[in-house]
Amino acid sequence: MSINDERVRFYLRNRERIEEWAALRKQATAAVDGWLTGLHPTVTELAAGLRAQPNPRLDPDNEWPTFQLVRPSWPLHVSGEPIACVALQWHRGYVTLGSGEPPYVGVYCRSAEALGAQLRASEAVKTARQALNHKMTTLWLAIGYVLPGPEVPESFDAYRDSLMTELARAWRTYAPLIDAAIAPPA
């Protein structure tokens, strides 16, 4: 690229404004993070209705804030964290409401644990994942991004409702499969 390239010239003519606008990303992601963190009472209320135990992981040093839903009967890793949980999570400092880094719901599952391997091999889980249009990653047994729509909403009430609907749907779909995987053989 040369100094005469029109894109370079455009940037040089407009760099102050471009830098000013680019700096808004940090403020916008902080605002979205604060809004998501503020959903704690809503998630707690949802968990009560689902007969799930909320297990929020929201401390400010956590790069991946998470609202976990678990059952007291589900096994824990030696770290005290659940081996599997249904969760709403986002990447602090990067979360946007666009296709780049939106919040997501699904099943976080430690694949190195026996339960994680069992769930990953389960045909019922594969079928459920396909039905919800979720994907599988190294850390997530099932994951689906939740976007507010093609535009930033005027009111975030509908988006909050959408996040809670997707979290409840994931719970109703996957919690029975986790229960079945940990149940002793009959």
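Can you name every residue in region 98-125 that is over 15 Å from V70 (Cα atoms), among the small types (G, A, S) and in contact (Cβ under 8 Å) with a residue 40 or more places away in the chain?
G98, S99, S122, A124
Give S73, S2, S79 a once-over and let me know the one that is under 27 Å from C109 (Cβ atoms), loosely packed, with under 10 Cβ neighbours inside 10 Å and out of contact with any helix residue (DSSP H, G or I) (no Cβ under 6 Å at 6 or more places or on another chain).
S79 is the lone residue from the list that is under 27 Å from C109 (Cβ atoms), loosely packed, with under 10 Cβ neighbours inside 10 Å and out of contact with any helix residue (DSSP H, G or I) (no Cβ under 6 Å at 6 or more places or on another chain).
Give me the residue from region 17-56 that is part of a helix (DSSP H, G or I) and among the charged types (D, E, K, R) and, out of that set, farthest from Q89 (Cα to Cα).
Among those that are part of a helix (DSSP H, G or I) and among the charged types (D, E, K, R), it is R17.
I'm told C85 meets every condition in (1) closer than 24 Å to P184 by Cα; (2) out of contact with any helix residue (DSSP H, G or I) (no Cβ under 9 Å at 6 or more places or on another chain) except one. Can you identify the failing condition by its number?
For C85, the failing item is (2).
Can you name every residue in region 112-133 that is exposed (fewer than 13 other Cβ atoms within 10 Å of the Cβ), part of a helix (DSSP H, G or I) and not hydroxyl-bearing (S, T, Y)?
A114, A121, E123, Q130, A131
Test each condition in (1) under 14 Å from the mean Cα position of the chain (by Cα); (2) assigned to a loop (DSSP other than H, G, I, E, B) for F67 and report the one that comes out false.
(2)
Could you go through region 106-116 and let me know if any residue there is in contact with a Ser or Thr (Cβ under 8 Å, 6 or more places away or on another chain) and within 30 Å of A22 (Cβ to Cβ).
no
State which residue is nearest to G98 (Cα to Cα) when the search covers only region 13-54 and only residues that are of a type in the set (S, T, N, Q) and buried (at least 16 other Cβ atoms within 10 Å of the Cβ).
The residue in question is T29.
No lab work stands behind these numbers, since they all come straight from the coordinates. Everything quoted here is computed from the prediction, not taken from an experiment. All Cβ positions, glycine included, derive from the backbone under ideal geometry; neighbour counts span all protein chains shown.
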